[in-house]
1. Being within 18 Å of the chain's Cα centre (by Cα) and at pLDDT 95 or above is the filter here, so list the residues in segment 101-113 that pass it.
2. Mind telling me which of the residues Leu76, Leu113 ends up being among the aliphatic types (A, V, I, L, M) and assigned to a strand (DSSP E or B)?
3. Is it the case, given these coordinates, that Val193 is loosely packed, with under 15 Cβ neighbours inside 10 Å and modelled with pLDDT of 95 or more?
4. Name every residue in segment 101-114 that is open to solvent by less than 40 Å² (accessible area, probe 1.4 Å) and either β-branched (Val, Ile, Thr) or under 24 Å from Ala58 (Cβ atoms) (or both), in order of residue number.
5. Within segment 144-169, take every residue that is of a type in the set (Asp, Glu) and farther than 14 Å from Glu182 by Cβ and give me the one that is farthest from the chain's Cα centre (by Cα).
6. Considering only segment 134-154, I want to know if a residue exists there that is closer than 28 Å to Ser59 by Cα and in contact (Cβ under 8 Å) with a residue 24 or more places away in the chain.
7. Against the definition (hydrophobic (A, V, I, L, M, F, W, C), assigned to a loop (DSSP other than H, G, I, E, B) and touching a residue at least 40 places away in the same chain (Cβ under 8 Å)), how does Leu123 come out, yes or no?
Amino acid sequence: MFRFLLATLLTLSLTDLLLAGKLESKEEILKKMVEAYGGEAALSNTQSYIQHWRVVRASDKKEGKETRRVTLPTRLYVDLKYPDKEEIRVLENSVGIKIFGKHSKKQVFGPMLDAMKAQLLRLYTPLTLKENHEKIKLSQNGSYYILTLDKDGVESDYYVNPKNYHIEKTVGKLKMGNSVMEFVTLYKDFKRVGDTLFPTTEIKYAGGVNTATNTLIDTKIVHLKKVDDHRYERI
């Protein structure tokens, strides 16, 4: 009798969730995310873009600038300038380069390379995620759907708000020996560039420590005839 009542209660709870629309498949969630961000056509046309950001470093409140050039799904260029230092990061496929100052340039491997990969993964749009749907796992945490993508040795969680299907948080996970380092970014103040939705505020954490807050200045969409025509050294 007790087992029958328990089974009945579980069935009713599941039915209530389904009727309330709280349980959705991975495919349904990705489809709604694509629509929320502007649709497939708009996202296809914004696979490559240049952004300029105002950056405030959390440790000392110094203000800097970031130029970011993205070509999804494989290329990222970041030029981060503070009054006391400048660093350029370039990732093309799985090759990472760091440039310090004017003459110090080196290829990076291991955790440094994985950090670049995680930085690119967090910029994946719902369309890019949809194209990688076979590698994505779905779970829930509190009021968020969590899409977890494991790609090229790096894992990223995308926290999706089921009320609007915006990605409001990403967690990049890097293996460092026997431990895992988490890089968290919160996304706020979503606005449209043309038909495509972008966050205009990013709040960043590394290992649980707030590192910086980015505020978007502008976004320029780059229309490419071929991805191979685009090289970062032209910037």
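1. Listed by number, the list holds a single entry, Leu113.
2. None of the others qualify; the one that does is Leu76.
3. Spelling it out, it is not the case that Val193 is loosely packed, with under 15 Cβ neighbours inside 10 Å and modelled with pLDDT of 95 or more.
4. Scanning segment 101-114 gives Val108, Asp114.
5. Here is the first cut: in segment 144-169, the residues of a type in the set (Asp, Glu) are 150, 152, 155, 157, 168.
Going one step further and asking which of them are farther than 14 Å from Glu182 by Cβ, we end up with 150, 152, 168.
Numbers: Asp150: 13, Asp152: 15, Glu168: 9 Å.
The residue in question is Asp152.
6. Yes, some residue in segment 134-154 is closer than 28 Å to Ser59 by Cα and in contact (Cβ under 8 Å) with a residue 24 or more places away in the chain.
7. The answer is yes for Leu123.
Quick grid of which residues meet (1) open to solvent by 30 Å² or more (accessible area, probe 1.4 Å); (2) farther than 28 Å from Ile221 by Cβ; (3) over 21 Å from the mean Cα position of the chain (by Cα); (4) not basic (Lys, Arg):
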position	(1), (2), (3), (4)
Gln51	no, no, no, yes
Thr67	yes, no, no, yes
Ile99	yes, no, yes, yes
Lys130	yes, no, no, no
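The values are calculated or read from the model by the stated rules, or taken from the named source; none is laboratory data. Since this is a predicted model, take the numbers as computed values, not measurements. Because the Cβ atoms are built from the backbone with ideal geometry, glycine has one as well, and the counts that use them run over all protein chains shown. Surface areas here come from the heavy atoms of the whole protein model, side chains and all, with no ligands, DNA or RNA. Shrake-Rupley method; radii C 1.70, N 1.55, O 1.52, S 1.80 Å.
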